[in-house]
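Quick note: the coordinates plus some simple rules give every number you see, no bench work behind them. These numbers come from a predicted model, not from an experiment. No Cβ is skipped: glycine too gets one built from the backbone with ideal geometry, and neighbour counts run over all protein chains shown.
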Amino acid sequence: AIFLSGRAGSGKSYLLNKCGEFLSTQGWVVVREKFDRGLEHNSQGVVCSLFDKAAKVLADMKVGGSRQDAEYSLRARKALSDSLDIASLCYLAQVVPNLLHLIDDIDMKTPQSIEANLSQWKLVFLLCQFLNALLNNNRPIMLILDDLQWAESLILELVLGELLGCVGDGENAHRFLFVGLYRDNEVC
């Protein structure tokens with residue numbers, strides 16, 4: 001994990017955009033999302049949006065990428081289907097809707113998908129399963145969260161602690177890079 005801090009306009013985002021562009025040309029899956037000022041209550045939504053963007057990248061690889069991208073997308077689809085049961089896939093698709101474009105046969109009418117108010121712990125667990133299923137397919141992933149200073153602290157502790165912990169020092173650690181950007185002069 002890398003945490004990059006600096007004042008607004010210091011070039012943090014520009015630097016990460018350039019790094020992300022380069023890593024994308026090297027076969028990395030690079031996904032970025034940012035928190036918004038005054039919307040701390042939507043921090044969980046921002047994290048889900050990050051994973052939704054990852055699912056979109058993978059779904060787009062199915063049809064619009066190279067042969068290697070299409071094969072990776074199919075392997076990722078299979079890994080996700082193998083690692084999560086139908087109820088988990090249905091729930092995850094509610095908060096990561098592009099999963100429906102990656103895994104075509106998720107039946108959102110399945111009764112288990114109506115599971116209301118699933119805990120944040122369950123969501124984080126499913127996001128960890130999602131991340132590990134993708135990393136098990138030998139393609140590096142870079143997740144970028146910008147403006148961490150505006151995120152709800154509980155979400156940061158829960159998500160970052162668990163996401164970084166689920167990859168840990170295992171065999172997937174060398175294929176995962178998390179980058180968090182924040183304005184050091186605006187941290188409470």
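Please report the antiparallel percentage of DSSP beta bridges with both residues in the chain, rounded to the nearest 5. The answer is about 0 percent antiparallel.
Straightening the chain between Leu164 and Phe125 buys 12.9 nm, computed as 0.36 nm per residue apart minus the Cα-Cα spacing. In this calculation the C-beta distance from Gln94 to Asp60 is compared with R0 = 30 Å, giving a FRET efficiency of 0.90. At full extension, Ala70 and Asn185 could sit 37.1 nm farther apart than now, given 0.36 nm per residue minus the alpha carbon distance. Using the Cβ-Cβ distance between Leu154 and Ile2 with R0 set to 35 Å, the FRET efficiency from 1/(1 + (r/R0)^6) comes to roughly 0.95. Here's the picture: charge each Lys and Arg Cβ at +1 and each Asp and Glu Cβ at -1 in the chain, and of Ser49, Leu148, Gly20 the one pushed furthest to the positive end of that dipole is Gly20. Applying a threshold of 19 Å to the alpha-carbon distances of Lys34/Lys62; Lys56/Lys78; Lys34/Lys56 flags Lys34/Lys62 as lying beyond it. What does the net charge come to around Arg139 if you take all other residues with beta carbon closer than 15 Å to its beta carbon, with K and R at +1 and D and E at -1? So the environment of Arg139 carries a net charge of +2. Considering only Ala93, Ala55, Ala76, the mean-square fluctuation computed in a Gaussian network model of the chain, springs between alpha carbons under 10 angstrom, is largest for Ala93.
Extension gain for Asp85-Tyr14 works out to 21.6 nm (0.36 nm per residue, less the C-alpha to C-alpha distance). Computed from label points 7 Å out along Cα-Cβ, the spacing between Asp105 and Leu23 is 3.3 nm. Across region 22-37, computed HN-Hα scalar couplings (Karplus, 6.51 cos²θ - 1.76 cosθ + 1.60, θ = phi - 60°) run 5, 5, 4, 5, 9, x, 6, 8, 10, 9, 9, 8, 9, 7, 10, 4 Hz from first to last residue, x flagging Gly and Pro.
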